[in-house]
């Protein structure tokens with residue numbers, strides 16, 4: 001399909017518009033990236049300035065025990081823990097044993 005002179009007239013009149021569109025497409029990616037970076041910086045600054053709500057820690061290995069300012073506080077805490085352990089006894093379990101257990105030896109060859 002050959003280009004006719006009328007087609008060239010239409011194309012030449014739109015070259016400035018095509019050039020503008022190409023320039024916009026070329027600059028769109030860096031502009032979007034800079035906008036996203038500015039938004040992230042604003043969110044980070046806002047997060048730094050906000051006061052965070054504290055949450056109560058649950059029981060578990062990650063909970064930190066409060067220590068007293070004196071050095072003797074550790075010993076007192078240890079004594080209190082030992083007393084708690086002594087006072088809390090596990091329920092006594094009845095163990096059933098087989099009378100033939102450990103008396104017979106199976107030998108296979």
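Read-outs throughout are calculated quantities, based only on the coordinates presented, and are distinct from any laboratory measurement. Since we're looking at a predicted model, the values are computed, not measured. Cβ: placed from backbone, ideal geometry, glycine included. Neighbour counts: every protein chain shown.
Below are the figures for this structure:
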| read-out | value |
| --- | --- |
| Residue order, fewest to most beta carbons within 10 Å, for 54, 10, 108 | 108, 54, 10 |
| For 50, 77, order by how many other beta-carbon atoms lie within 10 Å, fewest first | 50, 77 |
| Computed label-point distance, nm, for sites residue 81 and residue 38 using a 7 Å Cα→Cβ extension | 5.6 |
